[in-house]
Amino acid sequence: MKILTLVLILFSVGAIAAPPKSLDNFFGNKTKIENPFNLRDPFKAPLSKSEAKKDKRGFYVSGKGQYTNITDTALDQISVHQIKVVGVLIGKERRALVNTGEKDKIIILKEGQKIGPEAAELKAILPGGIVLVEKIVNVYGEEEYLETVVPISK
């Protein structure tokens, strides 16, 4: 039993002390393929043509089961003074339809979104318009909130 233990210890020490083989040139003379690791996985199906052309559909998925063709607009670049409320959607989730002066350009806003470089928050969407709240610092150095009511324009 002692001899068997001694032999096992010698083999394990010999295996640990052996220099590691470099795997950099593992396929060197075994294949004619230049980069075998850069090939696609043979067990995965190749992309179909419809999956490759998803960007040209004319719409995109904005959420689970939600599709839209309205592009996203950077809300921090919209001036609060140029906003015209075109319509209001009242229901479970309130939405405001806003025009920024560009022809036929409508933006859909939700309550709680920040608008403009001053980061005015859309506090409420009411049947007659929207309420924006801005946080400013007055001349005395105190924080103050300005509420702006934007009615539905005709």
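The values are calculated or read from the model by the stated rules, or taken from the named source; none is laboratory data. Being a predicted model, the structure only gives us computed values, none of them experimental. Ideal geometry is used to build each Cβ from the backbone, glycine not excepted, and the neighbour counts take in all protein chains shown. Calculation scope for accessible area: heavy atoms of the full protein, side chains included, ligands and nucleic acids excluded. Shrake-Rupley method; radii C 1.70, N 1.55, O 1.52, S 1.80 Å.
Data for the structure
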{"read-out": "Label-point gap, in nm, between GLN113 and LYS64 - each point 7 angstrom along Cα→Cβ", "value": "2.2"}
{"read-out": "Ranked order, ARG40, ARG94 - accessible area, probe 1.4 Å, largest first", "value": "ARG40, ARG94"}
{"read-out": "Estimated dipole of the range 32-154 in Debye, rounded to 20 [Cβ of Lys and Arg +1, of Asp and Glu -1, Cα centre]", "value": "1060"}
{"read-out": "Sequence-distant residues sharing a close amide H with ILE78 (under 5 Å, placed H)", "value": "GLY116"}
{"read-out": "Largest-first principal axis extents of the Cα set of the range 78-140 (Å)", "value": "40, 29, 17"}
{"read-out": "Eligible aspartates and glutamates near LYS92 by straight Cα distance, threshold 15 Å, same-chain separation 8 or greater", "value": "GLU111"}
{"read-out": "Accessible-area ranking of VAL133, VAL139, largest first, probe 1.4 Å", "value": "VAL139, VAL133"}
{"read-out": "Per-residue SASA entry for THR5, accessible area with 1.4 Å probe, Å² rounded to 10", "value": "70"}
{"read-out": "Cut-off 10 Å between beta-carbons: net charge of the residues surrounding ILE115, Lys and Arg +1, Asp and Glu -1", "value": "-3"}
{"read-out": "Potential extension, ALA74-ILE106 segment - 0.36 nm per residue separation minus Cα distance", "value": "10.2 nm"}
{"read-out": "Percent accessible area from carbon and sulfur atoms, the range 89-148, protein chains only, probe 1.4 Å", "value": "51"}
{"read-out": "From phi via Karplus (6.51, -1.76, 1.60), per-residue ³J(HN,Hα) for the range 134-148 in Hz, x at Gly/Pro", "value": "10, 9, 10, 10, 7, 5, 8, x, 9, 6, 9, 10, 10, 9, 10"}
{"read-out": "Rounded to the nearest 20 debye, dipole of the range 92-142 from Cβ charges on Lys, Arg, Asp, Glu", "value": "260"}
{"read-out": "Ranked order, ASP76, ASP104 - accessible area, probe 1.4 Å, largest first", "value": "ASP104, ASP76"}
